[in-house]
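Notes for the one structure printed next.
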Amino acid sequence: MATVATQTPSPVTGPTLVAGARAARTTIYLKLLMALSGLFFVGFVLTHMYGNLKAFAGHDAFNAYAEHIRTLGTPFLPYSGALWIMRVLLIASLVVHVACAAALWRRAKQARTVRYQVKKHTGAIFASRLMRWGGVTILLFVIWHLLNFTIGKVNVQGGPTNDPYNLLVDTFDTWWLTLIYLVAMAMLGAHLHHGTWSAFQTLGLTGTARARTRAKRLAFVLAFVVTVGFSIVPIFVLAGVISK
């Protein structure tokens, strides 16, 4: 009697990951974190710009706004409590944004093990380089800005530092500080223009031609408004329009 050979069924296994899929998911996750932290900064920048423009209303209005920020949330929060919560959130977002940018840059560098023989200086490459070095410039400026107006309150003219309006006027009445500020604002505008467009892409908001056009326009308008909005205060201080 012939024996019937039985075949042991092979164990059912789950689908295997495609090579590089996990790395791709991590890259998307890093880009998503960069986009969200960047959009948080956009909200802060617009609020900060609104506060700066109070300088056109004069000494008392500007200082009243500065005091309002410090008393926000009282008596549930201590004096300057809301301001410190905002600072902590900003620092945390800054750390996340910079860390994600560094990780993505490192991944891109590792993925290209062989340098290009011929480098084509396309607009995308220029924008990427501008984002990288512009981000470094903005980071250094933020550190100085905090030392100048918040943490250290440095008055280069030797005047008092306990009056926000007078400190602002003394700072921007110094031509080289105004020049540094204007360069930083130009870099901020360029960073916002490309960064906002990249954030829309990462969040899946550029799926159609109409959506891409709107995203590009919004990115340009945002960058233009922020650059001009921040720049006119130091320019008008240096011109003597805003003064003590």
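The values are calculated or read from the model by the stated rules, or taken from the named source; none is laboratory data. Keep in mind that what you see is a predicted model, and the values were worked out from it rather than measured. Neighbour counts run over all protein chains shown; Cβ positions are idealised from the backbone, glycine included. To get the accessible areas, we keep the full protein, side chains included, count just its heavy atoms, and leave off ligands, DNA and RNA. Shrake-Rupley method; radii C 1.70, N 1.55, O 1.52, S 1.80 Å.
Restricting attention to the stretch 222-244, report how many residues are over 18 Å from F62 (Cα atoms) and open to solvent by 80 Å² or more (accessible area, probe 1.4 Å). Counting residues in the stretch 222-244 that are over 18 Å from F62 (Cα atoms) and open to solvent by 80 Å² or more (accessible area, probe 1.4 Å) gives 1. Only a single item in (1) open to solvent by 60 Å² or more (accessible area, probe 1.4 Å); (2) modelled with pLDDT of 85 or more; (3) over 21 Å from F40 (Cβ atoms); (4) not hydroxyl-bearing (S, T, Y) is not met by I85, and it is number (3).
Close Cβ contacts (under 7 Å, 6 or more residues apart or on different chains) running from residues in the stretch 79-96 that are in contact (Cβ under 8 Å) with a residue 24 or more places away in the chain to residues that are open to solvent by less than 60 Å² (accessible area, probe 1.4 Å) comprise S93/S37; S93/F41; V96/L33; V96/S37.
A count restricted to the stretch 116-154 and to residues that are open to solvent by 80 Å² or more (accessible area, probe 1.4 Å), assigned to a loop (DSSP other than H, G, I, E, B) and at pLDDT 55 or above stands at 1.
Is at least one residue of the stretch 156-174 at pLDDT below 80 and among the charged types (D, E, K, R)?
no
Among the residues making up the stretch 34-68, none is under 21 Å from H97 (Cα atoms) and not in a helix (DSSP H, G or I). Residue count for the stretch 187-199 satisfying the condition of being open to solvent by less than 60 Å² (accessible area, probe 1.4 Å) and either without any contact (Cβ under 8 Å) to a residue 60 or more places away in the chain or β-branched (V, I, T) (or both): 4.
Looking across the stretch 54-78, just one residue is in contact (Cβ under 8 Å) with a residue 40 or more places away in the chain and among the polar types (S, T, N, Q), and that is N63.
For the stretch 170-186, what are the residues that are closer than 23 Å to D60 by Cα, open to solvent by 10 Å² or more (accessible area, probe 1.4 Å) and touching a residue at least 24 places away in the same chain (Cβ under 8 Å)? D173, the sole residue that qualifies. Only one of the numbered conditions (1) touching a residue at least 24 places away in the same chain (Cβ under 8 Å); (2) assigned to a helix (DSSP H, G or I) is not met by R214, and that is (1).
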